[in-house]
Amino acid sequence: MAVLIGGIIQPMSGCRLKNNRKYVFRCLCSGLYSKAVRAAFGGMSNIETTFDTRLRTISNGAILFTLGVLALLHLRVVIEPFILAVFVFILLAPAAHWLNDRGVSLLLAYIVVIALLGAVVSLVGWWLYQDLSEFAEGIPGYIEQIKALEGKKIAGVTVTFAGISDSITDQAAEDLLMSIFGEITGFVSMMLTVFIFLVFIVLEAETLPKRLSAAYSNAANENMQAILYDIGKGVNKYVVVKTIVSLGTAFFTGLVLFVAGVPGWFLWSALAFILNYVPYIGSLFALIPPVILSFLTLDPSTAILLTVILIVNQQLWGQFIENKMFGASLDISPVVLLLVTAFWFWLWGIMGMVLAVPMAVIAKIVLGNIPETRPLSILLSERPPTIEEE
């Protein structure tokens, strides 16, 4: 009997029965075999209970994830502007509190910051419209230049448009331009919805902590406050750093294109600013239109030099300056970021790719603050947690 019970106890030495082994063996040495058996198999019952709990957690998580995806797909018109409004609020909150610390009332501080943001967006939008209109007028000439490249050699490569020459027409260019104008109109409409959401978020934000304190117990309230603080800190740092890097990339891109005389330089710098929020590939895709135009409007050697300068500028800001500013704060696996970006592109297109990283940061923070899901947060990380972090 002792050998049988010992054979059951030994494999469980790394489980929860570790604390009960001395008790079981004391029972065996005292001849209390029934108590030893109950203690041993009681531990196995605890293991089964733990397994059932984890299985229920995984099942519930899968159900909630499926419901969340369906909601994001079918309620995009409501959820997308609301999420954008939340991110804009997180970005503007430090500036508003900075004004509040200097004697300006908090509501007035938010009004000033939102008004300044609206003025900047309006100015940029008007400039983009002018630049896009000017670029549209030159499209027929660009098409003729593209067709004139047929059969020529550039850097030893013969240019050919076999199979796509019928698609390079004025009508195709006009259709593409109308599609772009339609997207811009939809974007402006969504920005108005974002502004409405932002106003109500500002009005509700300062009373939210008090309502959380009244609604939940001290422990739950502290945990909720910690999660909200971590989310605000993580998303704010990402948005601020990414915005600074995007502005730097866009400014030097526009400056180089303006000096070189590439048409639509402000349009392409704005495109570089927006697509720089898309991880890894966005800023590279933003270089394609100005590079093509440079080969159409400049001599080949100048166009090649311009392309090299644009790539160096993008790599300098994206790979060096951004990494120095972020440090290890993001801590999300690159593979996970690519998968998340592809998933959000499937959900919401380009805007989904822009929102992919902030949403991944929020998901990782929430998972890390719930004991049952903390292993998932660790799996999403780029590096394992240290002893102090655990």
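We did not get these values from a lab; they are worked out from the coordinates using the rules stated. Please read these numbers as outputs of a predicted model, since none were measured by experiment. Please note: Cβ atoms are built from the backbone with ideal geometry, for glycine as well, and neighbour counts cover all protein chains shown.
A straight line joining the Cα centroids of region 104-130 and region 347-369 runs 26 Å. Across region 78-146, how large is the tail of the calculated P(r) beyond 15 Å, expressed as a percent of all Cα pairs? Distances greater than 15 Å cover 68 percent of the Cα pairs. Arranged from fewest to most other beta-carbon atoms within 10 Å of their beta carbon, 283, 269 become 269, 283. Neighbour counts of C-beta atoms inside 10 Å place 74, 97 in the sequence 74, 97, starting with the fewest. The overall shape of region 250-380 is prolate: from the C-alpha gyration tensor, with semi-axes ordered a ≥ b ≥ c, the ratio a/c is 1.5 or greater and a/b exceeds b/c. In terms of surrounding Cβ atoms within a 10 Å radius of their Cβ, 293, 305, 337 rank from fewest to most as 305, 337, 293.
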